[in-house]
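Nothing in this text is a laboratory measurement; each read-out follows from the coordinates by a stated rule. Source: prediction; values computed, not measured. Note that we place each Cβ from the backbone using ideal geometry, even for glycine, and neighbour counts take in every protein chain shown.
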Amino acid sequence: MHSLTQEIRSFSKTHLRKQCTRVTTLSGKRLIETWKDARMQVVDCQEGGACGYVQDLSLDLQVTHVLNVAYGVENAFPHDFTYKTIPILDLPETDIVSYFPECFEFIEEVKLKEGVVLVHCNAGVSRAAAIIIGFLMHSEGLSFAKAFSLVKNARPAICPNPGFMEQLHKYHQLNNNKNGNLNDSE
């Protein structure tokens, strides 16, 4: 049996697989980068039609306000954005719906000023997603399924914890009963 020390001593870079990297430059030129004799070699490679990166010059939404629903996360840019901080624990037993009025009020106030709100938690997976799903159900009258689908399409990583999912389903039923709307397929 070889020891790790023997393996390290017997190592030779000739045993390494050759590595090549395909690169497409901004202008669309295709290159292959390889290492040979301890030097980088670049080979022009014009296979097929070259297509460079498309520069996106469209304006992104300009975030003006941040709703921080994380627990123990400081507001990183207090001079650049108007923050509202509501620390929420990401636990199934946390009553997420009890935070809805305060969160929704902040979002609606910002919308009235034609601002843009970024809602974040620690990972952008459970709490922030639950808040946005709830907000869409509340403000747009969407079903849970439709609101969840919209948020999932915008951010595929979302996965509200099982307690939040159950609460969102109940919130949907409560809203439907309040509005006398029995249609669950919107």
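Add +1 for every Lys or Arg and -1 for every Asp or Glu among the other residues with Cβ under 15 Å from the Cβ of GLY163, and state the total. Display every interim value, and only then the final one.
Values: positive: ARG127, LYS170; negative: ASP90, GLU93, ASP95, GLU166.
Neighbourhood net charge equals -2.
Assuming R0 = 22 Å, what is the FRET efficiency of GLU74 and ARG155, from their Cβ-Cβ distance, to the nearest 0.05? Plugging the Cβ-Cβ distance into 1/(1 + (r/R0)^6) gives 0.45. Length available on full extension from SER139 to ILE86: 0.36 nm per residue minus the Cα-Cα distance, which gives 17.1 nm.
For segment 84-121, run through the trypsin sites (Lys or Arg not before Pro) and keep only the ones in DSSP coil with at most 16 other Cβ atoms within 10 Å of their Cβ. Filter output for segment 84-121: LYS113.
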